[in-house]
2 protein chains.
Amino acid sequence: MTTLGYALLGLLAREPFSGYELAQKMKAPIGCFWHAKHSQIYPELAKLKAQGLVNHELVEQQEHPDKKVYTITPAGRDALRQWVTAPMEVPHVRDELVLRAYSLWLADPQAAILLFRTHEQRHVEQLRRYEALQQKLMEEAGAKQQVDSPDFSSYVTLALGIGYERLYSEWCRWVAEQFEQADTTL
Amino acid sequence: MTTLGYALLGLLAREPFSGYELAQKMKAPIGCFWHAKHSQIYPELAKLKAQGLVNHELVEQQEHPDKKVYTITPAGRDALRQWVTAPMEVPHVRDELVLRAYSLWLADPQAAILLFRTHEQRHVEQLRRYEALQQKLMEEAGAKQQVDSPDFSSYVTLALGIGYERLYSEWCRWVAEQFEQADTTL
DNA sequence: TCCCTCATGTAAAAGGTTACATGATTTA
DNA sequence: TAAATCATGTAACCTTTTACATGAGGGA
């Protein structure tokens with residue numbers, strides 16, 4: 001089983017979805033930290049079906065094309081439950097902007113300021129979106145959050161997403177400021 | 001040009017290295033946020049050579065096999081300088097542990113505590129390593145850090161690495177605590 | 001009329017990991 | 001004697017991205 005397979009099971013464990021809906025969900029990263037495109041999702045769903053981890057039924061529609069709605073099976077739920085807490089290596093992160101920062105000493109200062117201010121903005125925007133989601137989650141789910149409710153899991157991943165975007169946007173701002181100050185010092 | 005190619009140029013812009021040395025460097029993530037294995041590095045160096053972005057000379061050794069020491073060319077340095085501040089999309093992060101957290105509501109609480117305490121520890125260890133590196137960098141480079149010095153770039157990436165590991169380890173601890181508290185509440 | 005959304009796929013290419021392959025020297 | 005380090009590569013495989021492919025219905 002691939003990680004993508006478990007990502008799909010993780011969504012289907014909450015409620016049934018069609019391949020198209022799963023693809024929509026995974027445009028914006030699920031749990032803030034995973035994404036996939038439809039070209040990867042459709043074949044993966046076929047594999048999950050072949051392994052008996054999901055079923056699908058054809059839902060006929062008048063005004064839109066028919067769709068296959070996938071449901072997780074008890075076997076799928078078991079596989080997911082086992083995977084969630086299985087031993088795991090620390091995943092190594094890859095981030096191109098930070099890799100660039102490693103060679104930033106070569107850069108044109110004005111171009112560096114522009115790049116980092118742009119990314120600061122984008123991460124602030126993502127932060128605002130996550131905060132809005134959190135707000136919504138708090139209103140809907142309230143204090144009834146228990147560790148065995150899906151809302152709790154969503155809240156947990158959102159919390160890291162918010163911390164991450166806050167850290168990242170502040171780092172971008174700080175880097176930009178270093179170049180701005182160096183510029184006025186000359 | 002691939003991102004890996006620029007990662008290698010970024011190291012070679014600082015000082016010459018052999019393929020083996022580059023592979024050693026990229027076991028631990030360069031700038032905290034990129035890594036690669038030797039099987040990817042050797043072919044990439046050949047491509048950089050073919051494009052005239054690096055040169056290499058054979059250094060003969062008595063007690064070890066001979067090695068090819070790579071040096072960046074002016075064209076390589078130019079390409080790197082351009083890439084560093086070129087427009088770029090926000091890279092989407094992938095993190096398996098956070099993806100698992102999204103389905104944590106299904107998990108066995110004790111297994112969840114074990115997993116997150118384990119990862120908390122590992123990220124704390126990485127944090128300590130980064131802090132030691134920062135300490136060393138401060139002592140060596142001191143306050144002379146200017147935006148156009150490689151030490152400044154190293155410092156900038158380390159700063160994010162430290163922030164990231166601190167955030168991540170605290171998040172792991174917090175998640176584990178949620179399950180520990182839920183456990184005693186029953 | 002043209003583009004967007006809904007809906008499902010396949011194919012080719014790129015990027016990355018694991019395993020295969022070789023061989024000398026040093027350390028336990 | 002066995003394992004680790006130094007040193008350089010290739011091959012097979014897996015994952016992910018980009019592009020190809022089709023087609024109906026609704027809105028500008």
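The values are calculated or read from the model by the stated rules, or taken from the named source; none is laboratory data. On a predicted model such as this, the values are computed, not experimentally measured, just so you know. Using ideal geometry, Cβ is built from the backbone for each residue, glycine included, and neighbour counts are taken over all protein chains shown. These area figures cover heavy atoms from the full protein model, side chains too; ligands, DNA and RNA do not enter into them. Shrake-Rupley method; radii C 1.70, N 1.55, O 1.52, S 1.80 Å.
Structure data summary
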| item | result |
| --- | --- |
| At least 50 Å² accessible surface lost relative to isolated chain, residues of segment B:95-143 (1.4 Å probe) | B:E96, B:V98, B:L99, B:R100, B:Y102, B:S103, B:W105, B:L106, B:R122 |
| Value at 222 nm in deg cm²/dmol, rounded to 500, when DSSP H runs of n ≥ 4 in the protein assembly as shown each add -39,500 (n - 2.57) | -21000 deg cm²/dmol |
| Of B:F179, A:H64, A:P150, farthest towards positive along the dipole that unit charges on Lys, Arg, Asp, Glu beta carbons give the protein assembly as shown | A:H64 |
| Largest-first ordering by accessible area, 1.4 Å probe, given options B:T73, B:T185 | B:T185, B:T73 |
| Relative contact order (percent, whole number), chain B, Cα cutoff 8 Å, 6+ residue spacing | 21 |
| For B:S149, label point 7 Å along C-beta direction: distances to other copies, nm | 5.4 |
| Top of B:E15, B:E44, B:E63 by mean-square fluctuation, Gaussian network on chain B, Cα under 10 Å | B:E63 |
| Interface B:A - total buried accessible surface [probe 1.4 Å, Å², rounded to 100] | 7100 |
| Inter-chain Cβ neighbour average for residues A:75-84, partner chain, 10 Å | 4 |
| Within a Gaussian network of chain A (alpha carbon springs, distance under 10 Å), most fluctuating of A:S169, A:S103, A:S153 | A:S103 |
| Point-charge dipole on Cβ atoms (K/R +1, D/E -1) for the protein assembly as shown, about Cα centre, debye to 20 | 580 |
| Probe 1.4 Å, protein heavy atoms only - accessible area per residue of segment A:96-185 in square angstrom | 46 |
| Distance between modelled label sites at B:D108 and B:M1, nm, 7 Å Cα→Cβ extension | 5.1 |
| Whole-percent carbon and sulfur share, accessible surface of segment B:96-185, 1.4 Å | 50 |
| Separation between Cα centres of segment A:15-35 and segment A:78-107, rounded to whole Å | 20 |
| Summed residue charge, Cβ within 14 Å of B:M88's Cβ, Lys/Arg positive, Asp/Glu negative | 0 |
| Qualifying lysines (Cα of each under 24 Å from Cα of B:K47; at least 8 residues distant if same chain) | B:K25, B:K27, B:K37, B:K67, B:K68 |
| Local electrostatic count, B:Q51, Cβ distance below 14 Å [Lys/Arg +1, Asp/Glu -1] | +1 |
| Overall dimensions of segment A:1-51 by Cα: Rg and Dmax, Å | 9.8, 29 |
| Ratio of the Cα radius of gyration of the protein assembly as shown to 2.2 N^0.38 Å, where N counts its residues | 1.12 |
| Chain A: mean projected area of Cα convex hull, nm² | 14.7 |
| Relative intensity, log₁₀ I(q)/I(0), of segment A:96-185 from a Debye sum that treats every alpha carbon as a point, q = 0.12 Å⁻¹ | -0.49 |
| For segment B:3-84, fraction of C-alpha pairs farther apart than 22 Å, in % | 19 |
| For A:E170, inter-copy label distances in nm, listed shortest first [label point 7 Å out on the Cα-Cβ vector] | 0.8 |
| Residue and distance (whole Å) for the chain B Cβ nearest the axis that superposes B on A | B:L167, 3 |
| Stokes-Einstein diffusion coefficient of segment B:123-174, Kirkwood radius over Cα pairs, 10 °C, 1.306 mPa s, in µm²/s | 138 |
